[in-house]
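The values are calculated or read from the model by the stated rules, or taken from the named source; none is laboratory data. Computed from a predicted model, the values in this text were never measured in an experiment. All Cβ positions, even for glycine, are placed from backbone atoms using ideal geometry, and neighbour counts span all protein chains on display.
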């Protein structure tokens, strides 16, 4: 019985988490226990337990007279995380530039074109997924498994923010596509590693700066 209860709690946890990560449940969204229980065909107990887990992780908070709501983004943490990611991705991109294949660069161009179409069609979640795929393809060539692991860990931590980050700074999305095109040109032209590292790092920091200036 205990295992079944845990499985139900995990089901509810993953269900709510996925909706937070993909932006369906945005900051301030009221998480109604009975509604989710009905959607999943569960009792309220595993849903309540799942929400407690999410509260412990900082994704959900309880407010008086309201109940469980999705937490607001911690802006300071977002900026700090982006800053660290900028350093690691810059280095990984520079390392990858020596190993990236012509086929991979062609794939980068295709991904960037798909990002542009997604932006035109207001498919922000797809845009975010393609952006992740774009950068993952580059640092997959870095030849440093530990570095790659650390970057993926940070991206996972930022997954909730990624889904609607470009909603906060919509003008940043178009600039990001243009910067991707320049990164592709640097890779095709076999630019010096230090130049590629500096540009890739600045590319990420531009997102942080745009976020800070959005008001």
Please specify each residue of the stretch 42-89 satisfying the condition of being surrounded by 16 or more Cβ atoms within 10 Å (Cβ to Cβ) and assigned to a loop (DSSP other than H, G, I, E, B).
42, 59, 71, 73
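If a residue has to be surrounded by fewer than 14 Cβ atoms within 10 Å (Cβ to Cβ) and at pLDDT 95 or above to count, how many in the stretch 114-132 make the cut?
Count: 1.
Can you tell me how many residues within the stretch 121-160 are closer than 17 Å to residue 101 by Cα and either in contact (Cβ under 8 Å) with a residue 60 or more places away in the chain or assigned to a helix (DSSP H, G or I) (or both)?
Looking only at that region, the number is 7.
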Residue in the stretch 1-41 that is modelled with the lowest pLDDT, counting only those that are loosely packed, with under 13 Cβ neighbours inside 10 Å and within 17 Å of residue 62 (Cβ to Cβ):
28
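Mind telling me which of the residues 79, 20 ends up being assigned by TED's automatic domain parsing to the domain that holds residue 208, under 28 Å from residue 129 (Cα atoms) and within 17 Å of the chain's Cα centre (by Cα)?
Going through 79, 20 in turn, just one is assigned by TED's automatic domain parsing to the domain that holds residue 208, under 28 Å from residue 129 (Cα atoms) and within 17 Å of the chain's Cα centre (by Cα): 79.
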